[in-house]
Amino acid sequence: MKIRLQDHILVPKHEILSKEEAEELLKILGISKEQLPKIKASDPIVVEIGAKPGDIIKITRKSLTAGKSVFYRLVV
Amino acid sequence: MIPKRLAAIKFEVLSPQEIRRMSVAKIVTPETYDDDGFPIEGGLMDTRLGVIDPGLKCKTCGGKAGECPGHFGHIELAAPVIHVGYAKLIARLLNGTCRECGRILMKDERRDKFVEEIRKRIAMNQNYDDIIKEVFRLTKAAKKCPHCGAEQVEIKFDKPTFYYEGEHRLTPKDVRERLEKIPNEDLPAFGIDPKIARPEWFVLTVLPVPPVTVRPSIILETGQRSEDDLTHKLVDIIRINQRFLENREAGAPPQILEDLWELLQYHITTYLDNEVSGIPPARHRSGRPLKTLAQRLKGKEGRFRKSLSGKRVNFSARTVISPDPAISISEVGVPKEIAEELTVPIFVTPRNIEIAREFILRSEHPKANYIVRPDGKRIRVIESNKEELAEKLEPGWIVERQLMDGDIVLFNRQPSLHRMSIMAHYVRVLPYKTFRLNPAVCPPYNADFDGDEMNLHVPQTLEAQAEAKILMAVQEHILSPRFGGPIIGGIHDHISGLYLLTRGNKKFSREETIQLLRALDVSEVPVKDEYTGKEIFSYILPKITLEFKAEVCQGCEFCKGENCEYDAYVVIRNGQLLKGTIDEKAVGAFKGVIIDEIIRKYGKEEAKKFIDRMTQLAIRVITSVGFTIGIDDIEIPKEAEEQIEEVIRNAEKKVDELIKAYKEGNLEPMPGRSLEETLEMNIMRELGKARDQAGKIAGRFLGDENPAVIMAVSGARGSMLNLTQMAACIGQQSVRGERIVRGYTYSNRTLPHFKPGDLGSKARGFVRSSYKKGLSPIEFFFHAAGGREGLVDTAVRTSQSGYLQRRMINALQDLKVEYDGTVREQTSGVLVQYRFGEDGVDPAKSYRGKAVDVKRILKEIIEEVKQYGE
Ligand SMILES: [Mg+2]
Ligand SMILES: [Zn+2]
Ligand SMILES: [Zn+2]
Ligand SMILES: [Zn+2]
C-alpha cells in the first residue's frame with residue numbers, strides 16, 4: 001500500500017501553479033524565476049504531485065503568527 | 001580619482017616563476033644593517049624592498065618613507081620545502097594519483113563524470129566539497145593504477161609536513177616530482193583548476209620576501225633597533241638556507257644535509273604558521289612565541305576581525321556613567337570637558353553666517369574649535385586668529401563648533417545586542433566627569449552604575465542628525481520589538497516611590513503635595529487642604545481608562561476586582577486613579593501597562609513625558625517619605641525563629657524517615673523512576689516545602705510595612721525568596737539540579753565530617769541557617785559549591801550566546817524587509833519570505849506580540865457608542 005504524503009497532518013498543501021498564475025506571481029514580486037526559493041525535483045512531495053523542473057509550487061501552511069501563510073518554491 | 005568597482009576577487013597559488021617575476025631583489029644574506037646602520041644590499045632590509053627610515057629613498061620606485069608602498073623580494077631555497085597550508089591536500093593528491101605515472105587512480109570516463117558534476121554545481125553556485133571528498137575517498141581506496149597497472153602503496157601523512165611510503169620517508173623533492181607528474185586533465189576532478197594552481201607549487205622552491213613596509217623595525221628608547229617577528233623568522237630561514245648550500249658544496253655527509261633540510265622545513269613552516277600542532281612554536285629570545293603570517297590574520301586580534309571588520313571612529317567619547325533622575329530620558333548629561341572637545345559642523349550659508357561668526361569670536365564654552373575651508377584645509381581657531389577667521393568666513397566653509405545643549409548624539413553601551421543598545425539622546429552639558437543618564441533608560445542598555453562605561457557619537461551631517469532624531473530617539477524605542485511592550489519604564493526607587501504614594505488612602509498636606517509636584521509641569525491642581533496619594537498620581541496621568549491587576553495582587557482564587565481588600569486591583573477612569581496600587585505592573589520597565597496604554601492612545605512623545613514626570617514624582621516621594629533598609633529590617637522575633645526551627649526539624653525528621661524506608665526497602669518507586677531517583681525527589685520536595693514554609697513565617701512576622709517586603713511585593717527589587725534566604729533559611733544547595741553528591745568518591749561522602757553513604761539532609765548540602773544568622777563551615781562549603789555552578793553557567797552562557805549572535809548577524813545581515821512586506825536578500829534579490837514573519841507584523845508596533853489588540857478596540861467602540869447614546 002502506498003501512503004499519500006499529502007494526507008499526513010504535518011505535510012502542508014502543495015499545488016503546481018498554472019502558467020498564468022506563475023507569470024502573475026513573478027510580475028507581482030518583480031523578480032525572475034531564479035530568485036525564488038527552490039525545491040528539488042527529487043523531493044518526495046514534488047514527485048507525488050508530479051511537478052517538473054521549472055514549475056512553481058504553491059505551499060499553503062498553517063502559521064503560528066498569521067494562521068495561514070503562503071509560500072512559493074521553484075522546482076529545480 | 002576615478003571610482004572603481006570590484007567585479008570579483010580570485011585567489012590563486014603563486015608559481016615559482018610568478019614569485020621571481022614580482023621580486024625586485026634576491027635576498028642572500030641574513031645580515032640586515034651594516035655598522036653605520038645602513039641597510040645591507042641583498043639583506044632583508046635592502047632598500048629595493050622599500051624604505052621605512054625617513055631620509056632614505058627606495059631604490060625601486062624612488063619614493064621616500066610613506067610614499068613607497070614596498071616591493072617583494074625572494075629567497076632561492078637550496079632545497080624544496082613543503083608549504084604547511086597545503087600539506088593535507090598534498091597528502092590527498094599523493095594518495096589519489098599513481099606513484100609511477102602520476103595519473104588519477106580512476107578510469108577516464110568516471111573522472112569525466114565527476115568533473116561534469118562539479119562543473120554543474122559551480123554553475124548553480126552550489127557547494128561541491130562533497131563531490132571532491134568522494135573523489136579522494138575512491139582514489140585512495142584504489143589498489144592498482146587503471147592506466148599503467150602499477151601497484152599502489154598507501155602514503156601515510158605525519159603532521160605537519162612529513163610523508164611516509166611504508167617505512168620510507170619521502171623528501172619534499174620526491175613529493176614535488178610526483179606532483180609534477182599529475183596531468184592537467186586530471187586536476188579538475190580534485191577540485192583544482194590547473195590554470196590557477198599546479199600541485200607542485202604547493203612545494204616551495206622559492207620563497208617570497210614581503211616588503212619591509214609589512215615588517216617595519218622599531219627603534220627602542222635605548223636607540224636599539226628591534227626587528228619585526230617576520231624579519232627574525234626570515235633571518236633564520238636565510239641562515240639555514242646558506243648553511244645548507246655551503247655544506248652541500250663542501251660535500252658534507254648526507255645525514256648532516258638531511259638534518260639541515262629538516263631545520264629549513266621547520267623554519268619555513270613556523271614562518272607561515274606558528275601554531276601548527278606537532279611541532280614546537282618558534283620563540284623569541286624572551287620566550288614569547290613569534291607572531292608569524294597566520295597569526296597576523298587569525299582570530300579576534302587578527303587582520304580580519306581587528307583591522308578590517310573593526311573600525312575606529314572620530315567624534316566619539318567614552319566615560320563612566322552615573323544616574324541623574326532630574327534629566328529627561330531623552331537627554332544625556334555630557335561632561336563639559338567632553339563637550340569642549342567634540343564638535344558639530346555648521347555648514348556656513350548666507351543665512352547662518354552671522355551665527356557661525358559668533359561661535360568663532362567666542363572664547364568660552366560653546367565656541368568654534370576648527371574651521372574647514374572649501375579646499376579641505378583645517379584651521380584651529382585660537383584667540384590670536386579668531387578675528388581674522390571671522391572676517392574671512394564665507395558661505396561654503398565649515399565651522400566646527402563645540403557640543404552644546406540640544407545637540408543630538410548617539411549613545412551606546414556594549415554589548416550592542418539589540419537596536420536599543422544605540423539610541424539618540426539630546427545633549428545636556430553638565431559639570432563633572434561622567435555621562436549622566438536617567439535611570440529609566442537603564443533597562444534597554446542593560447546598564448547599571450557600578451563602573452559601567454558608555455560611548456557617545458556625534459552625527460556629522462544634517463542627514464545623520466535628522467535620521468537620529470526620527471529613527472533613533474529614545475521615545476522611538478519605548479516599545480521593544482522583542483515582545484511588543486515597553487522596555488523603558490520605572491525601576492527600583494521609581495516603583496517603591498509610587499507604591500508608597502498610592503498604596504491605600506495615604507493623605508498628604510497641601511505643602512507636601514506642592515513639594516512633590518512643583519518640579520513637574522502639571523497644571524490645574526485644585527486647591528485643597530489634603531490630597532490622597534492616588535490624587536497626586538492622577539495629576540501626572542493623561543486621560544486614560546484602564547483596569548488591571550497590580551503586581552501586589554495575591555492571585556486570590558476569586559478576584560473581587562474593584563473591591564480587592566489588598567488594594568491590588570487598579571482602576572483608572574479618565575485619567576483618575578480610583579482604586580489600586582501603582583507598582584511594577586503599572587509603570588515598570590518590561591511590564592508597565594500604563595505606559596503601554598499612553599503610547600497607544602497618545603503616542604510616543606506623551607509617553608516620554610509621562611515617564612519623565614512619573615520618575616521624578618516617584619523620586620520626590622521616596623526622598624520625602626524616606627525609605628531605607630538595614631540589617632535589622634530582616635530581624636524576626638524569637639517566636640518566629642522557633643516556628644521556623646520547628647518546621648525545619650520536622651522536615652529533617654521526614655527526610656530521615658524516607659531514608660530509613662529506602663534502606664529497608666519499603667519505599668515505593670514513582671512511575672518511571674528508579675528507587676534512588678524517587679528518594680532524591682521526595683527529599684528535595686520535603687526540604688523545598690520546609691524552606692517555603694519558613695519563608696512564609698518570616699514574611700508574616702516582617703509585616704507589610706517592612707521596606708524589604710515592600711520592595712519584593714511591589715516588584716522594585718528582590719523577591720520573597722531572597723528575603724526568605726536572608727531572614728529564615730537558605731535551603732538546599734544544588735549542582736546540576738541535584739543535591740550535592742560529589743566529594744570523596746571512593747568513600748562516597750561529600751566531606752570527611754560524614755559517614756560514608758550518608759544521605760541525610762546535612763550531608764548533602766541542605767543549609768538550614770539564614771544569611772543573617774550565618775552559615776556553619778560545612779554549610780558554607782556547600783553554598784560555595786552551589787554558587788560556583790552559577791558563576792560557571794553565566795560565563796559559559798555569555799560566551800556561547802555571543803558566538804551564536806555573531807553567526808546569526810553574519811547570516812542575516814543582507815536581508816531587508818521591503819515595502820511590499822517581502823524579505824529579500826539585498827545583493828542577489830533572492831526572496832526569503834513572502835511576508836515578513838508570515839504575518840507581516842512589526843513586533844514593535846504589535847500589542848505584546850499580537851497583531852491586533854481586539855480587547856482595546858472593543859473597549860473604544862463601546863465607549864464611543866456610550867457617548868453617542870448620551
Ligand atoms: Mg555594571
Ligand atoms: Zn619603492
Ligand atoms: Zn599509473
Ligand atoms: Zn485581588
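If you go through segment B:185-218 and keep only what is in a loop (DSSP other than H, G, I, E, B), more than 20 Å from residue B:97 (Cα to Cα) and open to solvent by 30 Å² or more (accessible area, probe 1.4 Å), you end up with just B:216.
Contact map, segment B:543-555: first residue within 14 Å of chain A (Cβ to nearest Cβ) and within 20 Å of residue B:859 (Cα to Cα), second residue within 16 Å of ligand 2 (Cβ to nearest atom) and not in a loop (DSSP other than H, G, I, E, B), Cβ cut-off under 6 Å, separation 6 or more or different chains; the map is empty. In this entry, residue A:48 passes the filter for residues that are acidic (Asp, Glu) and over 23 Å from residue B:835 (Cβ atoms). I'd like the residue in segment B:748-787 that is in contact (Cβ under 8 Å) with a residue 12 or more places away in the chain and of a type in the set (D, E, K, R) and, out of all such residues, is surrounded by the fewest Cβ atoms within 10 Å (Cβ to Cβ). Residue satisfying both the conditions and the ranking: B:772. Criterion applied to B:154, B:221, B:177 was being assigned by TED's automatic domain parsing to the domain that holds residue B:275 and open to solvent by 30 Å² or more (accessible area, probe 1.4 Å), and the one residue passing it is B:221. For residue B:305, the conditions (1) outside any loop (DSSP other than H, G, I, E, B); (2) open to solvent by less than 90 Å² (accessible area, probe 1.4 Å); (3) within 30 Å of residue B:451 (Cβ to Cβ) are fulfilled apart from (2). If you check B:77, B:94 for being in contact with a Ser or Thr (Cβ under 6 Å, 6 or more places away or on another chain) and away from ligand 4 (no atom under 16 Å from the Cβ), only one passes: B:77.
Screening B:814, B:820, B:758 for residues that are of a type in the set (D, E, K, R) and within 12 Å of chain A (Cβ to nearest Cβ) leaves exactly one candidate, B:820.
Out of the residues in segment B:47-72 meeting the condition of being touching a residue at least 40 places away in the same chain (Cβ under 8 Å) and open to solvent by less than 40 Å² (accessible area, probe 1.4 Å), tell me which one is nearest to ligand 1 (Cβ to nearest atom). Steps first, please.
Filtering segment B:47-72 for residues touching a residue at least 40 places away in the same chain (Cβ under 8 Å) gives B:49-52, B:68-72.
Subsequent filtering for residues that are open to solvent by less than 40 Å² (accessible area, probe 1.4 Å) retains B:49-51, B:68, B:70-71.
Details: B:49: 50, B:50: 48, B:51: 49, B:68: 48, B:70: 45, B:71: 51 Å.
Filtering segment B:47-72 for residues that are touching a residue at least 40 places away in the same chain (Cβ under 8 Å) and open to solvent by less than 40 Å² (accessible area, probe 1.4 Å), the one nearest to ligand 1 (Cβ to nearest atom) comes out as B:70.
Kindly indicate whether any position in segment B:343-356 is farther than 21 Å from residue B:463 by Cα, open to solvent by less than 90 Å² (accessible area, probe 1.4 Å) and at pLDDT 95 or above. Within segment B:343-356 (the criterion being farther than 21 Å from residue B:463 by Cα, open to solvent by less than 90 Å² (accessible area, probe 1.4 Å) and at pLDDT 95 or above), the answer is no, since none of the residues qualifies.
Residues being at pLDDT 90 or above, surrounded by fewer than 21 Cβ atoms within 10 Å (Cβ to Cβ) and either assigned to a helix (DSSP H, G or I) or polar (S, T, N, Q) (or both): count how many of those fall in segment B:598-608. Even if it seems obvious, please write down each step before you answer.
Step one: list which residues in segment B:598-608 are at pLDDT 90 or above, which gives B:598-599, B:602-608.
Restricting the remaining residues to those that are surrounded by fewer than 21 Cβ atoms within 10 Å (Cβ to Cβ) gives B:602-606.
If we keep only those that are either assigned to a helix (DSSP H, G or I) or polar (S, T, N, Q) (or both) too, we end up with B:602, B:604-606.
Residues flagged as at pLDDT 90 or above, surrounded by fewer than 21 Cβ atoms within 10 Å (Cβ to Cβ) and either assigned to a helix (DSSP H, G or I) or polar (S, T, N, Q) (or both) within segment B:598-608 amount to 4.
Across segment A:25-52, the number of residues qualifying as free of Cβ contacts under 8 Å to residues at least 24 places away in the same chain, within 12 Å of another protein chain (Cβ to nearest Cβ) and part of a loop (DSSP other than H, G, I, E, B) comes to 3.
Here is a check on your reading of the model: is residue B:182 touching a Gly at 6+ places or on another chain (Cβ under 9 Å), open to solvent by 10 Å² or more (accessible area, probe 1.4 Å) and more than 16 Å from ligand 1 (Cβ to nearest atom)? Considered against the rule, which asks whether it is touching a Gly at 6+ places or on another chain (Cβ under 9 Å), open to solvent by 10 Å² or more (accessible area, probe 1.4 Å) and more than 16 Å from ligand 1 (Cβ to nearest atom), residue B:182 comes out as no. With (1) crowded, with 18+ Cβ neighbours inside 10 Å; (2) free of Cβ contacts under 8 Å to residues at least 60 places away in the same chain as the list, and residue B:489 as the residue in question, which single condition is left unmet? Tallying (1) crowded, with 18+ Cβ neighbours inside 10 Å; (2) free of Cβ contacts under 8 Å to residues at least 60 places away in the same chain, residue B:489 fails exactly one: (2).
The residues on offer are B:509, B:496, and the sole one that is open to solvent by less than 60 Å² (accessible area, probe 1.4 Å), over 29 Å from residue B:448 (Cβ atoms) and either of a type in the set (Ser, Thr, Tyr) or in contact with a helix residue (DSSP H, G or I) (Cβ under 6 Å, 6 or more places away or on another chain) (or both) is B:509. Condition check: crowded, with 20+ Cβ neighbours inside 10 Å, among the small types (Gly, Ala, Ser) and either within 16 Å of ligand 3 (Cβ to nearest atom) or within 14 Å of chain A (Cβ to nearest Cβ) (or both). Does residue B:96 satisfy that? So residue B:96 passes the test.
The values are calculated or read from the model by the stated rules, or taken from the named source; none is laboratory data. None of these values were measured; they are calculated from a predicted model. A quick note on method: Cβ atoms are made from the backbone with ideal geometry, for glycine too, and the neighbour counts reach across all protein chains shown. What goes into the accessible areas is simple: the full protein's heavy atoms, side chains included, and nothing from ligands, DNA or RNA. Shrake-Rupley method; radii C 1.70, N 1.55, O 1.52, S 1.80 Å.
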